[in-house]
Amino acid sequence: MHGSSTVTPYVGLDVGTSAVRCVVGVVDANNPGKLSIIGHGSAPNLGMRKGIVVHIEDVADAVVSALNEAERISGVRMQGVTVNVNGAHVSGLNSKGVIAISAANREITPDDRLRVEEAATIVQLPSNREIIQVFAQNYRLDGQDNIKDPVGMHGVRLEVDTHIVTASTPNLRNLEMALEKAQLLVHNRTLSGLAAAEAVLQRQQKEAGTVLLDIGAGTTNLVVLEDGEVQHVAVIPMGGQHITNDLAIGLRTDLDVAEAVKIQHASLLQTHPKLSLIHI
C-alpha cells in the first residue's frame with residue numbers, strides 16, 4: 001500500500017451479496033489501540049448470490065468502484081486488503097492440539113503457544129476445503145484447565161482447545177480471482193460475522209455469552225461467543241432479500257416497491273409490536 005503518509009493504512013473489504021463496501025483506517029496517534037477511519041466507499045454488487053461469487057467480472061467491477069471511492073476520500077492508493085468470507089460453505093469444527101515443552105527451564109514461550117495452535121490444525125479435511133481462521137478457546141498445562149494464556153508459565157505438556165473455521169476452496173478461489181481482476185492482493189481473510197462481533201460486542205458480552213446474528217442481503221452470519229472466545233460459527237443462506245421477495249409476493253407488487261416498504265415500515269422497536277419484519 002502506498003500513500004502520502006508514512007502511517008500504514010489498514011484496508012477492509014466487505015464483499016456482500018448486494019454491495020461491496022470498503023473502509024480505510026490508520027492507527028490513532030492519540031490512542032494507539034484505536035483506528036481512525038480516513039476513507040470509505042460503497043458500490044452495488046450484481047455478481048453474488050447468497051454470499052457466493054457467481055459472476056467474477058461483476059464482482060470485480062463492484063470492488064473497483066468501492067475502492068475508487070475510498071481512495072478518493074482517503075488519498076491512499078490500495079493494493080492489499082483484508083477481505084471477508086461469506087456463504088453457506090463456511091463452517092466450524094472443534095479440534096485439540098498437544099505438544100511437549102522441551103526447553104530446559106520448561107517455561108512456555110510465544111513460540112510454544114504458536115506450535116500447539118498449529119498442532120490443532122492437523123485435521124482431516126476434504127480436499128476441497130481449507131482453514132480460514134483458528135481460535136484458541138482455552139489451554140491446559142499439565143492437567144490444569146481453563147488457562148487463557150500459558151506464556152510465562154512452566155510445565156511439560158501443553159494442550160489447547162480450538163475452534164477452526166473452514167471454507168470451500170473453489171469459492172475462495174473465485175473470490176480471489178475477482179480481487180485479482182481488481183488488481184488487489186488479499187493480505188488476510190476473516191468471516192463476516194466475526195468482523196461484526198468485533199465491531200459491536202463489548203468484552204462483558206463476549207465473556208457472559210452472546211449469539212450475534214448479522215443479517216445481510218443474502219446470508220445471515222451466526223457467531224456464538226462465551227468466555228471471551230468463539231464457540232461456534234455458521235452462515236445461513238437467507239437474508240433481507242428473502243423478506244423483500246416475500247413482501248413482493250404477498251403485496252403483489254414489484255421488488256423495488258417491496259424493498260421500499262420493508263425499509264420504511266419494518267421495525268423491531270416495541271412501539272411497533274404488530275410488525276415482525278426486520279429493518280435491514
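The values are calculated or read from the model by the stated rules, or taken from the named source; none is laboratory data. Everything numeric here is computed off the predicted structure, so don't read it as measured data. Quick reminder, even Gly has a Cβ in these numbers, built from the backbone with ideal geometry, and neighbours come from all protein chains shown.
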Scan the stretch 146-162 and report the pairs whose first residue is assigned by TED's automatic domain parsing to the domain that holds Ala104 and within 17 Å of Ser95 (Cα to Cα) and whose second residue is of a type in the set (Val, Ile, Thr) and at pLDDT 95 or above, with Cβ atoms within less than 6 Å and a gap of 6+ or a chain change. Leu158/Ile99; Leu158/Val116; Glu159/Val98; Val160/Val116
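One line per residue, one yes/no per condition, for (1) surrounded by 15 or more Cβ atoms within 10 Å (Cβ to Cβ); (2) more than 22 Å from the chain's Cα centre (by Cα); (3) outside any strand (DSSP E or B); (4) modelled with pLDDT of 90 or more:
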residue: Leu212; (1), (2), (3), (4): yes, no, no, yes
residue: Asn221; (1), (2), (3), (4): yes, no, no, yes
residue: Leu225; (1), (2), (3), (4): yes, no, no, yes
residue: His232; (1), (2), (3), (4): yes, no, no, yes
residue: Thr244; (1), (2), (3), (4): yes, yes, yes, yes
residue: Ile249; (1), (2), (3), (4): no, yes, yes, yes
residue: Thr253; (1), (2), (3), (4): no, yes, yes, yes
Please work out if Glu69 is over 24 Å from Asn188 (Cβ atoms) and either in contact with a Ser or Thr (Cβ under 8 Å, 6 or more places away or on another chain) or of a type outside the set (Ser, Thr, Tyr) (or both). no
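Could you tell me how many of the residues in the stretch 139-187 are more than 18 Å from Ile52 (Cα to Cα) and part of a strand (DSSP E or B)?
So the answer is 18.
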Is one or more of the residues making up the stretch 111-119 in contact (Cβ under 8 Å) with a residue 40 or more places away in the chain, more than 21 Å from the chain's Cα centre (by Cα), assigned to a strand (DSSP E or B) and at negative phi? no
Might you let me know whether the stretch 30-44 holds any residue that is touching a Pro at 6+ places or on another chain (Cβ under 8 Å), assigned to a strand (DSSP E or B) and at pLDDT below 90? no
Residues of the stretch 172-197 that turn out to be of a type outside the set (A, V, I, L, M) and either surrounded by 21 or more Cβ atoms within 10 Å (Cβ to Cβ) or outside the structural domain of Val20 (by TED's automatic domain parsing) (or both), as a count: 2
Identify all residues within the stretch 25-65 that are in contact (Cβ under 8 Å) with a residue 40 or more places away in the chain and closer than 21 Å to Leu191 by Cβ; write none if there are none. Gly47, Met48, Arg49, Lys50, Gly51, Ile52, Val53, Val59, Ala62, Val63
Only one residue in Ala217, Ala167 is within 22 Å of Ser95 (Cα to Cα) and buried (at least 16 other Cβ atoms within 10 Å of the Cβ), so which one is that? Ala167
Looking at the stretch 127-149, which of its residues are surrounded by 16 or more Cβ atoms within 10 Å (Cβ to Cβ) and farther than 29 Å from Thr82 by Cα? Arg140, Leu141, Ile147
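So which of Val59, Val26, Val20, Val63 ends up being in a strand (DSSP E or B), crowded, with 18+ Cβ neighbours inside 10 Å and at pLDDT 95 or above?
Val20
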